[in-house]
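To start, the structure under review is shown below, and the notes come after it.
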Amino acid sequence: MFAKAFRVKSNTAIKGSDRRKLRADVMAAFPTLGTDQVSVLVPGKEELNIVKLYAHRGDAVTVYVSGGNPILFEVEKNLYPTVYTLWSYPDLLPAFTTWPPVLEKLVGGADLMLPGLVVPSAGLPQVQKGDLCAIALLGNRAPVAVGVAAMSTAEMLTSGLKGRGFSVLHTYQDHLWRSGDKSSPPSLAPLALDPPDLSEEKESVQADPALQGDLRRLTLEGEEENGEVQRMCGEKSLSEASEDPSVRGLNPDPTDSKTLQEQMDELVQQCFLHALKCQVRKADLPLLTSTFLGSHMLSCCPEGRQLDIKKSSYKKLSKFLQHMQQEQIIQVKELSKGVESIVAVDWKHPRITSFVIAEPSPTSQTIQEGSREQPYHPPDIKSLYCVPASMTLLFQESGHKKGSILEGGEVRTIIINYVKRNDLVDADNKNLVKLDPILCDCILEKNEQHTVMKLPWDSLLTRSKLKIMYIRSLQTTAHEPDLTHYLYFLEYSHTHLFICLEKLQPVYQVTFPGQEPIVKKGRICPIDITLAQRASNKKVTVVRNLEAYGLDPCSVAAILQQRCQASATVTPAPGAKDSLQVQIQGNQVHHLSRLLLEEYQLPRKHIQGLEKAPKPGKKK
């Protein structure tokens, strides 16, 4: 269901009544969960969002997101757990085991065929047709897929384990999983249900060509054809997925029994020490704690990992820093009301001096480089001009017609050639140009066409149209009207001669690296940053038009949520078809400015609203 990209319709915070209803639905759908477990799965006060989306086949799906991870999804009033939930409650559903190579096919959209099952010595779990089941890989009990049984256990055995066993709805590595923190399955020791001697089974498979053929056909049936995918939150091909280091994490070291929370605690401390040892200097102090997290700790996060304090035992940055202060590594003070800063660091503390930055091995570097998502590169944007029907006579001598797309320099050349070719420079005064009927139609207003016969080069600025162009150029470049700029504009207007570019139809060309140029009518809309006041009297930062610049709103929201440590949602942009907007709690214009200008290298002229950043010392 989620093998290909889905389209988000809405993303909203859950209401109190809906939260209570969801708890009741979870208890009804999964009666093995206790009241306390349901309260943890559907928290009472923590952020919980309802995301309505359409799968690539058009199915309407409701996804419940907690802590940035999808925990449940609902299709046609049926509630299903995600792999993130099953990793916390691995015994929630009856689980069937398959071979690790099968995962790649399941991720690609295939159903699980019965020849792909590993039959334990205790036999298969007892299920009925239509029962919800989990699918795990041999050697690790953590489920990697959720499916519905296509037949009962008795029918499976009667069929000789042939045919379609499970309709797979959701898998580790699919797009629903990618909308979360993209963590790998934990290492969960298998129950003592696996075949007692796998080596004997392996030998029997090697000796029997028929069995080898069955093994090669594991779940190959039902594999979907590769199609063109609409990218909403990003997608990897199957070959890339198989090379992803996280796939190799399906069978981690069985001696590592740390929970996900304990692993996040270690990662938080690692990034903290790394930032203090390598990035923060005495001259940087006092340093806002939010800046320390967003600009230093996050940048020290190892490749392939995602730092999220909310998933640690600390839950909040302030609580973690209090622990570090108790260890006398740092000193934190509230220099202004509600704003904490790091004011001192003990760089001689044993935890800092003994901290060693692990260098990735050449092999892991190669793997990371192969699996890393392509970095964002800003598009090349050009303002162009389209020849309208009213000006075709002026351009047709140069081989252009109605609808031709031209750059400003090309317009300049065409006009100069037109004047020379038609001998329009005044013979007595080289500073004057005679206006023929075609130029009259392009330059003059109707009431001027019988009175103005010539125009001097240096008096073009006295014309109303050029005055408008001059004034607008001042507004665009933020120059004060002085003589130097006037002379510069005079030279600029001279190169464009009499033609008023505003009479040409504006178009723009966007070229993304490695792609063909895209030409569209009108002027490109800038990325629009606004502040809005919500009913709770809280400010939110709203960002629109990211898609025009090749930016995925879902990815931008995820980055901002981490850096700002504030809730972020993606919703349809009002009044815009097939466009999304990002909403971040609080005034986060400063973080947006750094992301768009410094990291994404977008020109400032294509971003509006940066002036709304909070003034230094002012509470957001």
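The values are calculated or read from the model by the stated rules, or taken from the named source; none is laboratory data. Nothing here was measured: the structure is a model prediction, and the numbers come from that model. Neighbour counts are summed over all protein chains in view; Cβ atoms, including those assigned to glycine, are modelled from backbone coordinates with ideal geometry. Each accessible area value is taken on the protein alone, full model and side chains, heavy atoms only, with ligands, DNA and RNA left out. Shrake-Rupley method; radii C 1.70, N 1.55, O 1.52, S 1.80 Å.
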Query raised in the report: Do we find a residue being in contact with a Phe, Trp or Tyr (Cβ under 7 Å, 6 or more places away or on another chain), open to solvent by 20 Å² or more (accessible area, probe 1.4 Å), modelled with pLDDT of 90 or more and among the charged types (D, E, K, R) anywhere in segment 110-117?
Result: yes
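Conditions tested, residue by residue: (1) in a loop (DSSP other than H, G, I, E, B); (2) within 44 Å of the chain's Cα centre (by Cα); (3) surrounded by fewer than 14 Cβ atoms within 10 Å (Cβ to Cβ).
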site	(1), (2), (3)
P378	yes, yes, no
I381	no, yes, no
K401	yes, yes, yes
I415	no, no, no
K430	yes, no, yes
V433	no, no, no
L439	no, no, no
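Condition check ((1) on the phi < 0 side of the Ramachandran plot; (2) open to solvent by less than 40 Å² (accessible area, probe 1.4 Å); (3) part of a loop (DSSP other than H, G, I, E, B); (4) touching a residue at least 60 places away in the same chain (Cβ under 8 Å)) across all residues:
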position: V510; (1), (2), (3), (4): yes, yes, no, yes
position: I529; (1), (2), (3), (4): yes, yes, no, yes
position: L551; (1), (2), (3), (4): yes, yes, yes, yes
position: P574; (1), (2), (3), (4): yes, no, yes, no
position: L596; (1), (2), (3), (4): yes, yes, no, yes
position: K605; (1), (2), (3), (4): yes, no, no, yes
position: P614; (1), (2), (3), (4): yes, yes, yes, no
Report summary line: Of K382, K337, the only residue that is modelled with pLDDT of 85 or more and basic (K, R) is K382
Query raised in the report: Yes or no: K162 modelled with pLDDT of 90 or more, open to solvent by 40 Å² or more (accessible area, probe 1.4 Å) and in a loop (DSSP other than H, G, I, E, B)?
Result: no
Query raised in the report: Restricting to helices (runs of 4 or more DSSP H) lying wholly in segment 1-93: which have 3 or more residues that are closer than 19 Å to D181 by Cα and under 29 Å from the mean Cα position of the chain (by Cα)?
Result: 83-88
**Report entry** Flag for V107 being hydrophobic (A, V, I, L, M, F, W, C), open to solvent by less than 20 Å² (accessible area, probe 1.4 Å), under 24 Å from P31 (Cα atoms) and touching a residue at least 60 places away in the same chain (Cβ under 8 Å)
**Finding:** no
Requested in this report: Mind listing just one residue for me: the one in segment 270-323 that is among the β-branched types (V, I, T) and assigned to a helix (DSSP H, G or I) and, of those, least open to solvent (accessible area, probe 1.4 Å)?
Outcome: I309
Query - Selection status of L424, surrounded by 15 or more Cβ atoms within 10 Å (Cβ to Cβ), more than 30 Å from P513 (Cα to Cα) and modelled with pLDDT under 85 - result: yes
